[in-house]
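Written out below as structure tokens is the structure these notes cover.
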Amino acid sequence: MMGAGSVSAFLGFELGSSALKGVTTPDGRPTTKFASNKTNSSQQGGLVLLKEEEILKIVKARIEGKTKAAKSEKLEDDDEETNSSKQKPEEKPPAVVEEKLQPGFPVTALSEGVSMSVQSVRYSGGDLLLKVKMQNKGKDSVRFLYSFLDVTDDKGRTLRASTEGLPTELPANGPAFTGTVSIPTTLLDDVKKISLALTDYPAQELKLEASNIPVER
């Protein structure tokens, strides 16, 4: 019986050893486990952790790259603006065209520093248009009432006329003003010359007379 028990115990030990082959005790050490997981993840193409210094270097390089790109774009834009400004032709001020006067003009009247000159005449529609310029170079302003404007022809007849654009007051040492005196052509059939006479209002201290203005067609 002792021999049979020994044989049974030996056989049981052999069977148990064969069954436990390839089974190992779990490793409870964290360092070993972390190293094993890191190796497995790197082999499987998983997440790779970088050091803080390497991350800062990458971020700094990207920031510097964006800054250089922005500066390069700005320089290109500045160059384009400079080239466009160079290519744009300079605008020249418009040339001042002097008025070409007709023969016998202007016909000017002067009194107390105030001038009245007829610059030109022309026929338009049913009227004769006289371009009149007035200026006061005196020390006092002067007022006018154009109902006192006398227009006569070369035969001494009074002609009906209307004004447009002439100032009711000329300031002292002021600029020149331009207006128009209109006369119906029906009154000028046999007229070659006319005259204008104007006085200030209400003082009537000066009198402007522009005589022998040629109006023959």
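The values are calculated or read from the model by the stated rules, or taken from the named source; none is laboratory data. Because the structure is predicted, anything quoted here is derived from the model rather than measured. Just the protein is used for accessible areas: all its heavy atoms, side chains included, with ligands, DNA and RNA removed. Shrake-Rupley method; radii C 1.70, N 1.55, O 1.52, S 1.80 Å.
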Item to check | Area accessible to solvent at Glu209, 1.4 Å probe radius, in Å² | outcome: 100 Å²
Next on the checklist: Restricting to lysines 8 or more places apart or on different chains, can you count the pairs in region 107-214 with Cα atoms under 22 Å from each other?
Outcome noted: 12
Checklist entry - Given Cα pairs under 8 Å that are at least 6 residues apart, what percent is the relative contact order of region 91-217? => result 26 percent
